[in-house]
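The values are calculated or read from the model by the stated rules, or taken from the named source; none is laboratory data. Since the model is a prediction, treat every value here as computed from it, not as a measurement. Reconstructed Cβ throughout: ideal geometry from the backbone, glycine too, with neighbour counts over all protein chains shown.
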Amino acid sequence: MNQTQIEKAYKLAKERYAAVGVDTEAVLKKLQTIPVSINCWQGDDVGGFEQVGGSELSGGIQTTGNYPGKARTISELRSDIEKALSLIPGQHRLNLHASYLDNGGTFVDRNEIDPGYFQSWIDWAKDRLHGIDFNPTFFSHDKAADGFTLSHPDKSIRDFWIEHAIACRRIASEMGKQLGTPTVTNFWVPDAYKDIPADRVAPRERLADSLDEIFAEEIDPSLNLDAVESKLFGIGGESYTVGSHEFYMGYAISRQKLLCLDAGHYHPTEKISEKISSVMMFCPELLLHVSRPVRWDSDHVVCFDDELQQIAKELIRSDNLDKIHIGLDFFDASINRVAAWVIGTRNLLKALLFALLEPIEQLRRAELNMDYTQRLAYFEELKSMPWNAVWDYYCLKQEIPVGLDWFDEVKQYEKEVMSKRV
């Protein structure tokens with residue numbers, strides 16, 4: 001569609017939504033204020049830059065596919081991220097792992113990293129991003145080869161990972177200081193047993209003690225916010241995960257840390273959309289890793305499916321967006337990696353827009369009056385409202401490609417840039 005057609009469709013949509021009490025102009029202003037933390041690891045299949053050519057994945061992490069053109073260097077990864085951002089409306093954040101340090105080609109072990117190894121990332125982000133979020137990297141390392149890090153029975157190995165985690169909090173704090181927005185530092189560890197353990201308690205006691213030592217240093221929350229993330233199981237850790245949902249729920253509440261809910265880290269019958277309202281009652285803030293599990297924690301690119309829409313609705317209905325941090329977590333090497341970012345992020349933003357276009361006050365009044373007929377009628381009618389016309393208009397006003405026009409740009413970028421990476 002051309003500009004005139006988009007504006008005409010939006011005008012009609014604006015009138016339709018006004019009839020049910022929704023101001024689309026206010027909705028678009030609100031949507032523009034919601035940053036999404038885009039996962040750096042989609043661009044290079046979680047390889048990182050500790051070593052030339054990236055690290056060999058281990059610790060419950062696996063990526064599949066061999067689509068050509070993945071980023072091999074920091075400059076290539078940044079170029080790909082910039083291309084993706086140019087096709088996504090709004091201003092967003094970058095979710096960065098510690099293994100993506102800029103070490104100048106000289107190996108630096110993880111307990112020796114400091115803010116200097118990430119200064120180039122900070123400088124690059126200043127004019128491009130809303131901010132950076134951070135993650136200690138507890139996998140793909142010889143001291144994680146037997147499947148345990150912060151809960152390892154060997155104190156010297158625990159101490160190594162504690163030092164790494166403390167260093168990461170200080171790096172994150174410097175990021176927050178220079179970028180003027182708090183860095184969310186997320187702690188996920190792969191510690192798990194492949195088969196049934198004899199002792200489920202001791203590893204969790206060691207993990208809690210390690211986390212307490214890591215968080216002993218007080219850091220200004222305006223610079224850094226700590227989050228802890230659970231997992232149901234992983235490859236090679238199918239029978240017992242030290243950092244289970246119950247463990248981290250208890251830890252986050254008792255220590256008043258952020259709890260990270262990852263869409264793929266639960267039983268297939270569980271949905272994180274159903275957990276958001278409960279978690280927000282007891283945790284100070286919440287971190288989401290939005291992904292798409294297919295039968296397990298497979299981290300597929302986010303689609304505009306029912307669960308994504310429900311997650312977005314819960315976020316908007318909560319009235320707690322200032323306390324909820326939204327990030328993506330997927331790594332699909334079977335498709336163009338820039339396209340994966342664009343598809344996933346645009347779908348998440350579409351879901352947020354769809355949720356913002358709900359006449360929530362009318363729905364709440366109907367529910368309080370026990371008028372469940374009206375509630376259901378509105379829910380169903382909203383599904384066929386012209387929300388996509390509002391989305392197209394939002395992209396137009398942000399000078400972002402509308403519809404599939406973005407795909408043509410990705411294919412051109414693939415031809416001119418990514419195809420030459422051999």
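Brief remarks on what is shown
- Single residue of 177, 155, 231, 194 found to be of a type outside the set (Val, Ile, Thr) and surrounded by 21 or more Cβ atoms within 10 Å (Cβ to Cβ): 231
- Taken over the stretch 175-203, the criterion of being more than 29 Å from residue 238 (Cα to Cα) and touching a Gly at 6+ places or on another chain (Cβ under 9 Å) is satisfied by 175, 176, 179, 180, 181, 182, 183.
- The set of residues in the stretch 29-46 that are in contact with a Lys or Arg (Cβ under 8 Å, 6 or more places away or on another chain), more than 13 Å from residue 78 (Cα to Cα) and surrounded by 20 or more Cβ atoms within 10 Å (Cβ to Cβ) comprises 36, 37, 45.
- The stretch 123-142: number of residues that are more than 19 Å from the chain's Cα centre (by Cα) and at pLDDT 95 or above: 3
- Residue 363, sole failed condition from (1) touching a Lys or Arg at 6+ places or on another chain (Cβ under 8 Å); (2) under 30 Å from residue 407 (Cβ atoms): (2)
- Strands (runs of 3 or more DSSP E) wholly inside the stretch 213-323 that include at least 3 residues being in contact with a Leu (Cβ under 6 Å, 6 or more places away or on another chain): 258-262, 286-290
- Screening the stretch 336-422 for helices (runs of 4 or more DSSP H) wholly inside it with 1 or more residues that are loosely packed, with under 15 Cβ neighbours inside 10 Å returns the ranges 360-368, 372-382, 387-397, 405-416.
- Residue within the stretch 98-117 that is touching a strand residue (DSSP E or B) at 6+ places or on another chain (Cβ under 7 Å) and not small (Gly, Ala, Ser) present: no
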